[in-house]
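K.L.:
Okay, handing you the structure first.
The values are calculated or read from the model by the stated rules, or taken from the named source; none is laboratory data. Nothing here was measured: the structure is a model prediction, and the numbers come from that model. No Cβ is skipped: glycine too gets one built from the backbone with ideal geometry, and neighbour counts run over all protein chains shown. When the accessible area is computed, the model is the full protein with side chains, heavy atoms only, and any ligands, DNA or RNA have been set aside. Shrake-Rupley method; radii C 1.70, N 1.55, O 1.52, S 1.80 Å.
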Amino acid sequence: MNHSQPARTDPSAMDDSDSLDEAVLRHDQKIAESGLQLWMGAEPTFTRPETNAAEWRTLALGIEKEQVGRRFMQVLASEAPGAVVLRTLGRQYPGESKPRWNYGIYSRRDGTPIWRGAKDPVTAQNSDISARIHQSQGQAIAAQSPEHENRDELLRCKELQTALGFALQAAGLHTNYELLSDPRETRFLFSADAELLHGDWNQDPCVARPRLDSVPIPVDGWRDELAARGIYLVAIGLCETEFTCDKNSLQVELPAFGSVADWLRFLEFLGDASVKAGLKSLVLTGFPPPVDQHVAWTTVTPDPGVLEINMAPCASMLEFLTTQRKLHAAAAFVGLSAFQLLFNGEVVDSGGGQHLTFGGPSPEASPFLLRPHLLPRLVTCLNHHPSLSYWFAVRAVGSCGQQPRPDEVSPESLDGLSVAVDRLFQSTSVPPESLWRSVAPFLCDRFGNTHRCEINVEKLWNTLNSERGCLGLVELRAFRMTRSPEDAAAIAMFMQTLIVWLAERDDAPNLVEWGSRLHDRFSLPYFLQQDLSEVLTQMQAAGFPLPPTVTQRLLDDSLLVLGEFDLGNAQLIVRQAIEFWPVVGDLSANDRSFRLMDSSTQRVEILVRVPRENGTPATVSEIPWRLTLMGFEVPWVVVEEHDCSALVRGVRYKAFHPQMTVSPLVEAIDPLEFFLTSADDSTTWRVRLHSWRPDVEPYDGQPKDFEEARRRRNERLVVEQVTEPIVSVPIASSKLSKHCIDLRRRTIRHV
């Protein structure tokens, strides 16, 4: 099966949902037959493409973003009756004064209701949302305030405390109410062991601590010291918030629980108590809840420029696709998008990624722990096939990006990883901690951050993180936010099949030292497609084929095409290539949650496909077209395909001067101009690639769809035939690599 030349399909016109659904069902059956339980999660991100507000571009926090996040949670909760909405601790990064907000929905996977108590005010108007979501796109939900309660605040706290205390005592638990109370808050302790509650607890700093969401998270993270001793602190007070609909609601700060069973039991007591106390609304905050294979925990949280959704792990691809469709529908309903259509027709993702996480239904059942050779094989496979690192990734890749490969970090890192992989392949039995310790030091970025790397094993079996480190999970981060649920499912299906295939292999390959070839050859779409096709062909030959509807989506390059033109006896295609942008600014500054990168250097791929005459491949001396760039004659990289010759060359150049001037002595080039001359000098085409409209007029708003975006990209490529001869000189080797030419290094001509 030949995957090298996919049929290009406009993504806006791609409608294969029925065949994809059928492929998903067949895929789940095949995975089940493999005997491998491989659960998967994702982190889709959405943005507001029509605004330049900082919270939708670079900043993590913003009042509008939280409003949208609340509406998003309202939609999710409307389709999950019996679930509970929680506002637990979010993440906190250097320079931030307190944890970010974090809204979550917690439910049982079997559909059994777990909450019958007073609702979070965010979900107070849920009755008709589920029906409306299928009738409207982008319509905002008007959050309304619940009916105000006029009873004294402290009295309401005491009533809830009393009702909850009675429920706990009736279940055989013991309580201690002898704690000093704030005028607007009351606290009490409970435990299964009465002796643990004896003594004066008012002097204990764990009891007197401030609300978790009001102060910075300690350097080593929040840990519920009381719960670790079998004692649970419950704090009840008035909800402190900037949102009107939360006003006058009570807030319960929840302790940490070690098991799902204990947590669900407490929720039942608390829900019943809120009803007995006559509460109309209740906000639940505090420590995150425990999770296992019986429950689902999905959160909505802010990240720079986007709203991030942390999906609950899915046990099947059907569940994954269904969940993705719900999330995309909810995003559209509240006015968010998975992609951005730029004025000049370029299509980019939301600005965040969509990382994929793989593991098992429980830590002990993780395929990576049951089959210790699986992880080193995955590391090796990604090393051998750069398309898995770049083809599906965000635009900012390389050593300064969010998901650097180990061989982009340093030669020493690759060498250490190579030794670790070699020893793992030679070992017949590898304990989980040894597996993690073998690879973790080398899976990080160049600053030692183990979260920013292509393969994140922070939650594999990290014994240094006792709370969430030993989950048997492997996160793959080199994935951009997909434009549709179907694209997300196609990529997830591919990666899940790849992992199952790797789990059944018995070879022990070595890591490849790509050197400069990594960023030279694999910056170009042509060679990335070729590499990805090789992976698909190998999988197919091993008995792990993917259906055409999936491979078509995987190999689709339509959004990379900047323009196409028929040269008569050949086809010109100019595509956006990958550029490896550096970070600018003070790298020692750690008070930012985002990185400023220099995106002024662009790379494009010039591809000319020439049909073969009489089936005879072209020799170097018989290449039918010459390429001239900036007065230099540039050689082609010639690749023989089954029915044509492909002439390929990548071009690097500075496209604009950024606000923070980088390389001030390098001239910006716009438009990029080059000439294609036939071998007999009878025909010459001048090609100009503009970054904007050739007439420099403003666009009438952003493109309304993919087709209009494609037309805008194509009109930026201006091709015209010229009659004057083109004078050129050979290009100097300092400006030329095997696959690309760097115009930033051209000789400065002084006047």
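K.L.:
Select, from Asp272, Asp292, the only residue that is open to solvent by 30 Å² or more (accessible area, probe 1.4 Å), outside any loop (DSSP other than H, G, I, E, B) and either among the β-branched types (Val, Ile, Thr) or in contact (Cβ under 8 Å) with a residue 24 or more places away in the chain (or both).
P.N.:
One residue alone meets the criteria, Asp272.
K.L.:
For the stretch 630-654, which positions are in contact with a Lys or Arg (Cβ under 7 Å, 6 or more places away or on another chain), among the charged types (D, E, K, R), over 16 Å from Arg745 (Cβ atoms) and modelled with pLDDT of 90 or more?
P.N.:
Residue satisfying the conditions is Glu633 alone.
K.L.:
Next question. Output the qualifying pairs, or none if there are none: Cβ atoms under 6 angstrom, residues six or more apart or on different chains, first residue in the stretch 219-242 and farther than 21 Å from Trp263 by Cα, second residue surrounded by 14 or more Cβ atoms within 10 Å (Cβ to Cβ).
P.N.:
So the pair list comes out as Leu238/Glu153; Cys239/Asp246; Cys239/Ser249; Cys239/Gln251; Cys239/Val283.
K.L.:
Quick check, is Pro313 within 13 Å of the chain's Cα centre (by Cα) and on the phi < 0 side of the Ramachandran plot?
P.N.:
So Pro313 fails the test.
K.L.:
Turning to a different aspect of this structure: Within the stretch 205-237, how many residues are open to solvent by 20 Å² or more (accessible area, probe 1.4 Å) and among the β-branched types (Val, Ile, Thr)?
P.N.:
Number of matching residues: 3.
K.L.:
Among (1) open to solvent by 20 Å² or more (accessible area, probe 1.4 Å); (2) touching a helix residue (DSSP H, G or I) at 6+ places or on another chain (Cβ under 9 Å), where does Ser249 come up short?
P.N.:
That leaves (1) as the condition not met.
K.L.:
So which of Asn449, Asn510 is part of a loop (DSSP other than H, G, I, E, B), touching a residue at least 12 places away in the same chain (Cβ under 8 Å) and more than 21 Å from Ala312 (Cα to Cα)?
P.N.:
Just one listed residue meets the conditions, Asn510.
K.L.:
Could you tell me whether Ser337 is open to solvent by 10 Å² or more (accessible area, probe 1.4 Å), at pLDDT 95 or above and of a type outside the set (D, E, K, R)?
P.N.:
So Ser337 fits the description; yes.
K.L.:
Count, please, the residues in the stretch 77-91 that happen to be under 21 Å from Leu61 (Cβ atoms) and open to solvent by less than 50 Å² (accessible area, probe 1.4 Å).
P.N.:
6
K.L.:
Next up: What residue, among those in the stretch 450-503 that are within 16 Å of the chain's Cα centre (by Cα) and of a type in the set (Gly, Ala, Ser), is nearest to Val550 (Cα to Cα)?
P.N.:
Of everything passing the filter in the stretch 450-503, Ala490 is nearest to Val550 (Cα to Cα).
K.L.:
Out of everything in the stretch 353-383 that is out of contact with any Phe, Trp or Tyr (no Cβ under 8 Å at 6 or more places or on another chain) and assigned to a loop (DSSP other than H, G, I, E, B), what residue ends up being least open to solvent (accessible area, probe 1.4 Å)?
P.N.:
Only one residue tops the list, namely Ser366.
K.L.:
Residues in the stretch 420-429: is at least one free of Cβ contacts under 8 Å to residues at least 60 places away in the same chain, touching a His at 6+ places or on another chain (Cβ under 9 Å), open to solvent by 50 Å² or more (accessible area, probe 1.4 Å) and within 16 Å of Phe368 (Cα to Cα)?
P.N.:
Within the stretch 420-429 (the criterion being free of Cβ contacts under 8 Å to residues at least 60 places away in the same chain, touching a His at 6+ places or on another chain (Cβ under 9 Å), open to solvent by 50 Å² or more (accessible area, probe 1.4 Å) and within 16 Å of Phe368 (Cα to Cα)), the answer is no, since none of the residues qualifies.
K.L.:
Conditions: (1) modelled with pLDDT of 90 or more; (2) closer than 23 Å to Ala163 by Cα. Asp246 meets all but one. Number of the miss?
P.N.:
Only one criterion in (1) modelled with pLDDT of 90 or more; (2) closer than 23 Å to Ala163 by Cα is unmet by Asp246, namely (1).
K.L.:
A further question follows. Would you call Arg446 of a type outside the set (Asp, Glu), in contact with a Cys (Cβ under 9 Å, 6 or more places away or on another chain) and surrounded by fewer than 22 Cβ atoms within 10 Å (Cβ to Cβ)?
P.N.:
Yes: the conditions hold for Arg446.
K.L.:
While we're on this one: Take the residues in the stretch 452-494 that are in contact (Cβ under 8 Å) with a residue 12 or more places away in the chain, polar (S, T, N, Q) and more than 21 Å from His27 (Cβ to Cβ), then tell me which one is most open to solvent (accessible area, probe 1.4 Å).
P.N.:
Selected residue: Thr463.
K.L.:
Right, here's the next one. What is the number of the single condition among (1) at negative phi; (2) touching a residue at least 60 places away in the same chain (Cβ under 8 Å) that Glu319 does not meet?
P.N.:
Condition (2) is where Glu319 drops out.
K.L.:
Follow-up. Write out, first by first residue and then by second, each pair whose Cβ atoms fall under 8 Å of each other, whose residues are 6+ apart or on separate chains, and whose first residue, in the stretch 206-217, is assigned to a loop (DSSP other than H, G, I, E, B) while the second is of a type in the set (S, T, N, Q) and open to solvent by 30 Å² or more (accessible area, probe 1.4 Å).
P.N.:
Cβ pairs passing all conditions: Pro216/Gln92; Pro216/Ser97; Ile217/Gln92.
K.L.:
Cβ-Cβ distance below 9 Å, separation of 6 or more or different chains: which pairs start in the stretch 537-557 with a residue that is in a loop (DSSP other than H, G, I, E, B) and end on one that is of a type in the set (Lys, Arg)?
P.N.:
Pairs that qualify, where the first residue is in a loop (DSSP other than H, G, I, E, B) and the partner is of a type in the set (Lys, Arg), are Ala542/Arg505; Phe544/Lys30; Pro547/Arg26; Asp556/Arg8; Asp557/Arg8; Asp557/Arg575.
K.L.:
Which count do you get for residues in the stretch 298-332 that are over 17 Å from Val85 (Cβ atoms), open to solvent by less than 20 Å² (accessible area, probe 1.4 Å), part of a helix (DSSP H, G or I) and not polar (S, T, N, Q)?
P.N.:
4
K.L.:
Would the stretch 260-269 turn up any residue that is open to solvent by 50 Å² or more (accessible area, probe 1.4 Å), touching a residue at least 12 places away in the same chain (Cβ under 8 Å) and farther than 26 Å from Arg468 by Cβ?
P.N.:
No: zero hits.
K.L.:
Report, by residue number, each residue of the stretch 42-66 that is without any contact (Cβ under 8 Å) to a residue 40 or more places away in the chain and not charged (D, E, K, R).
P.N.:
Thr51, Asn52, Ala53, Ala54 - these are the residues of the stretch 42-66 that are without any contact (Cβ under 8 Å) to a residue 40 or more places away in the chain and not charged (D, E, K, R).
K.L.:
Could you tell me whether any residue of the stretch 636-646 is closer than 26 Å to Glu613 by Cα, touching a residue at least 40 places away in the same chain (Cβ under 8 Å) and crowded, with 19+ Cβ neighbours inside 10 Å?
P.N.:
Looking for residues that are closer than 26 Å to Glu613 by Cα, touching a residue at least 40 places away in the same chain (Cβ under 8 Å) and crowded, with 19+ Cβ neighbours inside 10 Å, one finds at least one in the stretch 636-646, hence yes.
K.L.:
Here is a follow-up. Given the conditions (1) farther than 30 Å from Glu613 by Cα; (2) at pLDDT 95 or above, report the number of the one that Asp506 does not fulfil.
P.N.:
(2)
K.L.:
Select from the stretch 161-191 the residues that are modelled with pLDDT under 95 and among the aliphatic types (A, V, I, L, M) and write down the one among them that is surrounded by the most Cβ atoms within 10 Å (Cβ to Cβ).
P.N.:
For the stretch 161-191, the residue satisfying everything is Leu179.
K.L.:
Right, here's the next one. Could you check the stretch 706-749 and list, in sequence order, the residues that are of a type in the set (Ser, Thr, Tyr) and closer than 23 Å to Ser523 by Cβ? Please lay out each step first, then the result.
P.N.:
In the first step, residues of the stretch 706-749 are kept if they are of a type in the set (Ser, Thr, Tyr); the result is 723, 728, 733-734, 737, 747.
The answer is Ser733, Ser734, Ser737.
K.L.:
What are the residues in the stretch 348-399 that are more than 30 Å from Ala53 (Cα to Cα), out of contact with any Gly (no Cβ under 7 Å at 6 or more places or on another chain) and hydroxyl-bearing (Ser, Thr, Tyr), if any?
P.N.:
Correct list: Ser362, Thr380, Ser387, Ser389.
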